[in-house]
Amino acid sequence: MRKALLTLTAIAVFMTIGRGQSFEGTIEWRTKYNITDKDALAQGEVAKKMLADPSTQENLRLLEEKMQDSAFRAKVDADPMLREKIKSALLIKASGGDLNKMMPTSVTLIIKGNNTLFTLHGGVVNNEQVLYFGDKKMEYNIEPDNKVYYLVGEEREKKGTNSITKAKETMKILNFTCNKYLITRTEDSGQAATFIYWVTEEIKGIDMSVLADSEVGTDNKLFFDEIKGVPLKIERIDSKGELLFECTSFKKEEISSAALMLPEGYKELKPE
(Lines give C-alpha, C1' and ligand atoms only; values in the text may rest on other atoms or scores of the structure.)
Protein backbone atom coordinates (compact mmCIF):
# COMPACT_ATOMS: atom_id res chain seq x y z
CA MET A 1 0.00 0.00 0.00
CA ARG A 2 2.83 2.42 0.82
CA LYS A 3 4.26 1.81 -2.65
CA ALA A 4 0.97 2.81 -4.26
CA LEU A 5 0.96 5.98 -2.17
CA LEU A 6 4.53 6.72 -3.22
CA THR A 7 3.56 6.30 -6.85
CA LEU A 8 0.66 8.71 -6.41
CA THR A 9 2.87 11.29 -4.74
CA ALA A 10 5.54 10.98 -7.41
CA ILE A 11 3.03 11.41 -10.24
CA ALA A 12 1.55 14.53 -8.74
CA VAL A 13 4.83 16.21 -7.83
CA PHE A 14 6.61 15.42 -11.08
CA MET A 15 3.66 16.50 -13.17
CA THR A 16 3.97 20.02 -11.79
CA ILE A 17 7.63 20.79 -11.18
CA GLY A 18 10.18 22.05 -13.65
CA ARG A 19 12.06 25.11 -14.77
CA GLY A 20 10.59 28.43 -15.77
CA GLN A 21 7.06 27.78 -14.57
CA SER A 22 4.61 30.60 -15.25
CA PHE A 23 1.43 28.79 -14.17
CA GLU A 24 0.06 29.80 -10.78
CA GLY A 25 -3.01 28.21 -9.26
CA THR A 26 -4.65 25.07 -7.90
CA ILE A 27 -5.26 21.67 -9.48
CA GLU A 28 -7.61 19.06 -8.00
CA TRP A 29 -7.47 15.34 -8.71
CA ARG A 30 -9.53 12.31 -7.85
CA THR A 31 -7.93 8.94 -7.26
CA LYS A 32 -9.24 5.42 -7.34
CA TYR A 33 -7.54 2.15 -6.46
CA ASN A 34 -8.14 -1.50 -7.12
CA ILE A 35 -5.60 -3.51 -5.13
CA THR A 36 -5.08 -7.02 -6.53
CA ASP A 37 -1.84 -8.04 -4.78
CA LYS A 38 -2.45 -11.41 -3.11
CA ASP A 39 -0.32 -10.68 -0.03
CA ALA A 40 -2.02 -7.33 0.55
CA LEU A 41 -5.47 -8.84 0.09
CA ALA A 42 -4.58 -11.63 2.51
CA GLN A 43 -3.60 -9.04 5.12
CA GLY A 44 -6.93 -7.34 4.53
CA GLU A 45 -8.79 -10.59 5.18
CA VAL A 46 -6.87 -11.08 8.43
CA ALA A 47 -7.86 -7.55 9.47
CA LYS A 48 -11.52 -8.24 8.66
CA LYS A 49 -11.50 -11.40 10.79
CA MET A 50 -9.93 -9.51 13.67
CA LEU A 51 -12.53 -6.76 13.38
CA ALA A 52 -15.29 -9.38 13.51
CA ASP A 53 -13.99 -10.66 16.86
CA PRO A 54 -16.05 -9.24 19.78
CA SER A 55 -12.96 -8.75 21.95
CA THR A 56 -11.28 -6.68 19.21
CA GLN A 57 -14.42 -4.59 18.80
CA GLU A 58 -14.52 -3.93 22.55
CA ASN A 59 -10.83 -2.98 22.65
CA LEU A 60 -11.30 -0.53 19.80
CA ARG A 61 -14.37 0.94 21.47
CA LEU A 62 -12.39 1.48 24.68
CA LEU A 63 -9.51 2.98 22.68
CA GLU A 64 -11.86 5.49 21.06
CA GLU A 65 -13.14 6.44 24.50
CA LYS A 66 -9.62 6.87 25.87
CA MET A 67 -8.73 9.14 22.96
CA GLN A 68 -11.35 11.56 24.29
CA ASP A 69 -9.39 11.89 27.55
CA SER A 70 -7.08 14.92 27.36
CA ALA A 71 -4.33 13.37 29.51
CA PHE A 72 -4.22 10.19 27.44
CA ARG A 73 -4.33 12.19 24.21
CA ALA A 74 -1.35 14.27 25.37
CA LYS A 75 0.57 11.05 26.08
CA VAL A 76 -0.24 9.74 22.59
CA ASP A 77 0.73 13.04 20.94
CA ALA A 78 4.12 12.90 22.69
CA ASP A 79 4.87 9.41 21.35
CA PRO A 80 5.01 9.31 17.50
CA MET A 81 5.19 5.51 17.35
CA LEU A 82 2.19 5.05 19.64
CA ARG A 83 0.29 7.74 17.74
CA GLU A 84 0.84 5.98 14.42
CA LYS A 85 -0.25 2.60 15.85
CA ILE A 86 -3.47 4.05 17.23
CA LYS A 87 -4.14 6.01 14.04
CA SER A 88 -3.69 2.85 11.94
CA ALA A 89 -5.92 0.78 14.24
CA LEU A 90 -8.76 3.29 14.13
CA LEU A 91 -8.46 3.71 10.35
CA ILE A 92 -8.61 -0.06 9.87
CA LYS A 93 -11.75 -0.08 12.00
CA ALA A 94 -13.28 2.74 9.95
CA SER A 95 -12.45 0.99 6.66
CA GLY A 96 -13.69 -2.40 7.79
CA GLY A 97 -10.39 -3.89 6.66
CA ASP A 98 -10.97 -2.85 3.02
CA LEU A 99 -7.53 -1.77 1.75
CA ASN A 100 -8.97 0.31 -1.08
CA LYS A 101 -10.86 2.42 1.48
CA MET A 102 -7.56 3.13 3.25
CA MET A 103 -6.16 4.87 0.18
CA PRO A 104 -6.55 8.60 -0.62
CA THR A 105 -9.65 9.65 -2.52
CA SER A 106 -8.36 12.97 -3.86
CA VAL A 107 -5.35 15.26 -3.97
CA THR A 108 -4.80 18.99 -4.22
CA LEU A 109 -1.87 20.72 -5.90
CA ILE A 110 -0.92 24.34 -5.32
CA ILE A 111 1.61 25.78 -7.77
CA LYS A 112 3.48 29.07 -7.63
CA GLY A 113 6.58 29.56 -9.75
CA ASN A 114 8.86 26.56 -9.30
CA ASN A 115 7.32 25.59 -5.95
CA THR A 116 4.46 23.16 -5.36
CA LEU A 117 2.46 21.87 -2.41
CA PHE A 118 0.73 18.52 -2.80
CA THR A 119 -1.90 17.46 -0.21
CA LEU A 120 -3.48 14.01 0.09
CA HIS A 121 -7.10 13.70 1.24
CA GLY A 122 -8.57 10.58 2.83
CA GLY A 123 -7.14 7.21 3.79
CA VAL A 124 -4.22 6.47 6.08
CA VAL A 125 -2.26 9.50 4.87
CA ASN A 126 -5.08 12.04 5.14
CA ASN A 127 -3.72 15.63 5.18
CA GLU A 128 -0.11 14.55 4.54
CA GLN A 129 1.76 16.88 2.19
CA VAL A 130 4.76 17.11 -0.12
CA LEU A 131 6.36 20.56 -0.45
CA TYR A 132 8.82 21.01 -3.34
CA PHE A 133 11.17 23.99 -3.73
CA GLY A 134 12.06 23.94 -7.43
CA ASP A 135 14.91 26.44 -7.34
CA LYS A 136 16.68 24.53 -4.56
CA LYS A 137 15.54 21.11 -5.85
CA MET A 138 14.53 20.21 -2.30
CA GLU A 139 11.47 18.13 -1.40
CA TYR A 140 9.92 17.83 2.06
CA ASN A 141 7.29 15.46 3.40
CA ILE A 142 4.99 17.17 5.92
CA GLU A 143 2.78 15.36 8.46
CA PRO A 144 0.33 17.92 9.94
CA ASP A 145 -1.21 15.39 12.36
CA ASN A 146 2.22 14.78 13.89
CA LYS A 147 3.47 18.37 13.37
CA VAL A 148 6.71 17.15 11.78
CA TYR A 149 8.45 17.45 8.42
CA TYR A 150 11.56 15.91 6.88
CA LEU A 151 13.74 16.29 3.80
CA VAL A 152 13.33 13.57 1.18
CA GLY A 153 16.65 12.12 0.05
CA GLU A 154 17.72 11.45 -3.52
CA GLU A 155 17.14 8.00 -4.98
CA ARG A 156 19.55 5.96 -7.02
CA GLU A 157 19.38 6.20 -10.80
CA LYS A 158 17.35 3.53 -12.56
CA LYS A 159 17.09 2.98 -16.30
CA GLY A 160 14.56 0.39 -17.40
CA THR A 161 12.98 0.17 -20.84
CA ASN A 162 9.89 1.81 -22.32
CA SER A 163 7.55 1.02 -25.18
CA ILE A 164 5.45 4.08 -26.04
CA THR A 165 2.70 4.33 -28.65
CA LYS A 166 0.61 7.39 -29.45
CA ALA A 167 -2.92 6.20 -30.19
CA LYS A 168 -5.43 7.87 -32.50
CA GLU A 169 -8.05 8.44 -29.80
CA THR A 170 -8.63 11.84 -28.23
CA MET A 171 -10.68 12.82 -25.17
CA LYS A 172 -11.95 16.07 -23.67
CA ILE A 173 -10.96 16.56 -20.01
CA LEU A 174 -11.96 19.88 -18.41
CA ASN A 175 -12.51 21.16 -21.95
CA PHE A 176 -8.89 20.42 -22.91
CA THR A 177 -8.30 18.08 -25.86
CA CYS A 178 -6.12 15.16 -24.74
CA ASN A 179 -4.20 12.63 -26.84
CA LYS A 180 -3.93 9.01 -25.72
CA TYR A 181 -0.58 7.28 -25.12
CA LEU A 182 -0.03 3.60 -24.31
CA ILE A 183 3.13 2.83 -22.35
CA THR A 184 4.74 -0.38 -21.17
CA ARG A 185 7.50 0.18 -18.64
CA THR A 186 9.90 -2.54 -17.45
CA GLU A 187 12.26 -1.61 -14.63
CA ASP A 188 15.76 -3.00 -14.10
CA SER A 189 14.31 -5.13 -11.30
CA GLY A 190 11.93 -6.81 -13.76
CA GLN A 191 8.86 -5.05 -12.36
CA ALA A 192 6.53 -4.21 -15.24
CA ALA A 193 3.72 -1.67 -15.44
CA THR A 194 1.29 -0.52 -18.11
CA PHE A 195 0.25 3.14 -18.32
CA ILE A 196 -2.52 4.89 -20.20
CA TYR A 197 -1.86 8.62 -20.43
CA TRP A 198 -4.30 11.26 -21.65
CA VAL A 199 -2.15 14.31 -22.43
CA THR A 200 -3.03 17.84 -23.50
CA GLU A 201 -0.74 20.34 -25.18
CA GLU A 202 -3.22 23.19 -24.61
CA ILE A 203 -2.01 24.14 -21.11
CA LYS A 204 0.80 26.66 -21.17
CA GLY A 205 3.15 27.66 -18.40
CA ILE A 206 3.99 24.23 -16.97
CA ASP A 207 7.39 23.07 -18.22
CA MET A 208 7.59 19.27 -18.18
CA SER A 209 10.51 18.78 -20.53
CA VAL A 210 12.94 18.49 -17.62
CA LEU A 211 11.07 15.62 -16.00
CA ALA A 212 11.91 12.74 -18.32
CA ASP A 213 14.77 11.51 -16.11
CA SER A 214 12.93 12.01 -12.82
CA GLU A 215 12.16 8.96 -10.72
CA VAL A 216 11.04 8.50 -7.13
CA GLY A 217 11.31 5.36 -5.05
CA THR A 218 11.66 1.92 -6.58
CA ASP A 219 10.20 1.15 -10.00
CA ASN A 220 8.41 4.48 -10.33
CA LYS A 221 9.34 5.94 -13.71
CA LEU A 222 6.51 8.37 -14.32
CA PHE A 223 7.31 10.68 -17.21
CA PHE A 224 8.79 10.08 -20.62
CA ASP A 225 10.54 12.47 -23.02
CA GLU A 226 8.58 11.03 -25.95
CA ILE A 227 5.39 12.52 -24.46
CA LYS A 228 4.87 16.26 -24.87
CA GLY A 229 2.24 18.08 -22.84
CA VAL A 230 0.47 17.74 -19.48
CA PRO A 231 -1.21 14.44 -18.49
CA LEU A 232 -4.73 15.07 -17.15
CA LYS A 233 -5.55 11.40 -16.68
CA ILE A 234 -3.26 8.47 -15.86
CA GLU A 235 -4.07 4.81 -15.39
CA ARG A 236 -1.30 2.61 -13.98
CA ILE A 237 -1.68 -1.17 -13.95
CA ASP A 238 0.83 -3.63 -12.50
CA SER A 239 0.93 -6.84 -10.48
CA LYS A 240 -0.06 -4.94 -7.31
CA GLY A 241 -3.24 -3.45 -8.74
CA GLU A 242 -4.66 -0.49 -10.62
CA LEU A 243 -4.41 3.24 -9.94
CA LEU A 244 -6.56 5.91 -11.58
CA PHE A 245 -5.46 9.54 -11.34
CA GLU A 246 -7.76 12.10 -13.01
CA CYS A 247 -7.84 15.89 -12.97
CA THR A 248 -11.20 17.32 -11.82
CA SER A 249 -10.39 21.04 -11.43
CA PHE A 250 -7.82 23.35 -13.01
CA LYS A 251 -7.89 26.90 -11.66
CA LYS A 252 -5.52 29.77 -12.36
CA GLU A 253 -5.41 32.04 -9.32
CA GLU A 254 -3.01 34.09 -7.21
CA ILE A 255 -1.28 32.01 -4.54
CA SER A 256 0.21 33.52 -1.39
CA SER A 257 3.94 32.82 -0.95
CA ALA A 258 3.15 31.89 2.67
CA ALA A 259 1.12 28.91 1.41
CA LEU A 260 4.32 27.35 0.06
CA MET A 261 6.56 27.57 3.12
CA LEU A 262 7.53 25.02 5.75
CA PRO A 263 5.03 25.31 8.61
CA GLU A 264 6.01 27.16 11.77
CA GLY A 265 5.94 25.23 15.03
CA TYR A 266 6.66 21.89 13.36
CA LYS A 267 9.66 19.72 14.26
CA GLU A 268 12.13 18.80 11.53
CA LEU A 269 13.11 15.14 11.63
CA LYS A 270 16.76 14.47 10.81
CA PRO A 271 18.11 11.15 9.47
CA GLU A 272 19.92 9.15 12.13
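The values are calculated or read from the model by the stated rules, or taken from the named source; none is laboratory data. These numbers were taken from a predicted model, which means no experiment stands behind them. Cβ atoms come from the backbone with ideal geometry, glycine included; neighbour counts cover every protein chain shown. The accessibility values were calculated without ligands, DNA or RNA, using every heavy atom of the protein model including side chains. Shrake-Rupley method; radii C 1.70, N 1.55, O 1.52, S 1.80 Å.
Things worth noting here:
- Taking amide H atoms as placed 1.01 Å from N in the peptide plane, the amide H of residue 203 lies under 5 Å from those of 230, each 5 or more residues away in sequence or on another chain.
- Of the peptides 60-66, 84-90, the order by per-residue mean of other Cβ atoms within 10 Å, starting with the highest, comes out as 84-90, 60-66.
- Largest-first ordering by accessible area, 1.4 Å probe, given options 185, 30: 30, 185
- Accessible area of residue 69 in the full protein assembly, 1.4 Å probe (Å², nearest 10): 80 Å²
- Theoretical FRET efficiency, 1/(1+(r/R0)^6), r = Cβ-Cβ of residue 256 and residue 184, R0 25 Å, to 0.05: 0.05
- When you count the other C-beta atoms within 10 angstrom of each residue and take the mean per peptide, 119-125, 72-78, 142-148 line up highest first as 119-125, 142-148, 72-78.
- Listed pairs 38/168; 48/240; 87/270; 204/240; 32/112; 85/270 exceeding 31 Å between Cα atoms: 38/168; 204/240
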